1. Rank GLY45, GLY30, GLY22 by mean-square fluctuation in a GNM of the chain with C-alpha springs under 10 angstrom and give only the top-ranked residue.
2. At R0 = 30 Å, how high is the FRET efficiency between GLU135 and ASP11 if r is their beta carbon distance? Nearest 0.05 is fine.
3. Considering the chain as a Gaussian network with a 10 Å cut-off on Cα pairs, which listed residue, THR77, THR25, THR85, attains the greatest mean-square fluctuation?
4. Hey, any idea what % of the chain's accessible area is carbon plus sulfur with a 1.4 Å probe?
5. Leaving out ligands and nucleic acids, and using a 1.4 Å probe, what accessible area per residue does the chain come to in Å²?
6. Compute the distance in nm between two label points, each set 7 Å from the Cα along the Cα-to-Cβ direction, one at ARG39 and one at THR25.
7. How do 117-125, 91-99 rank on mean C-beta neighbours within 10 Å, highest first?
8. Taking the Cα-to-Cβ direction at THR85 and at SER123 and moving 7 Å from each Cα, how far apart do the two end points lie in nm?
Amino acid sequence: MINTRMIEFRDIRDPRQQEFYGHLTPIECGQEIPFDVKRIYYIYGVDHAARRGYHSHRDLEQVLICLGGSVKIQVKTPYEEEIVTLDSPTKGLYIGPMIWREMFAFSEHAALLVLASRHYDESDYLRDYSAYEAEARRYFREAGEHPAVPHI
Ligand code: T46
């Protein structure tokens, strides 16, 4: 979908060690992450029935990674929508500007890590869907065939 895409991180396992030695996943800005990380936050302890998000950002870029458990993310524009399941620490969901998002179906112990391109700024949020839709139609019309980030 426009302005969203999946990112695969490396899963480093030492072949000389046994299975319990575990995994290591490195993430570097300019490599897996297409922006400099200015802020990190994480969401956890969410009830399975709860749904969070219900907003878009005007400029913010983020990568969402579910470090444990699983969570579903609905990403949406006025033109298309998709539901992505994050269920592995080696998968990230990039979300660029002007994408409506809702997070739901958090499993028990799910921990959602978010890497963000900017410091927290409430004025970057569009929390009303009608206002988002109007602004998003303008944004995507002006982006034309050249959106900020290619389709998945
Ligand atoms: C997003 C999704 C994936 C802060 O004070 N600093 C912060 O960095 C953040 C992210 C939030 N807050 C405050 C603002 C609210 O009073 O924490 C409270 C909960 O934030 P919000 O209702 O926006 O949380 P979510 O889970 O709906 O959305 C969050 C991010 O805000 C958002 O950028 O893309 O996670």
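1. GLY22
2. FRET efficiency, GLU135 to ASP11: 0.20.
3. Largest GNM mean-square fluctuation: THR25.
4. Carbon-and-sulfur percentage of accessible area, whole number: 49.
5. 58 Å²
6. Result: 2.3 nm between the two label points.
7. 91-99, 117-125
8. Computed distance between label sites THR85 and SER123 equals 4.2 nm.
The values are calculated or read from the model by the stated rules, or taken from the named source; none is laboratory data. Just so we're clear, the structure is a prediction, and the values are computed from it rather than from any experiment. Don't worry about glycine lacking a Cβ; one is built from the backbone with ideal geometry, like all the others, and counts go over all protein chains shown. Note: areas computed on protein heavy atoms with side chains; ligands, DNA, RNA excluded. Shrake-Rupley method; radii C 1.70, N 1.55, O 1.52, S 1.80 Å.
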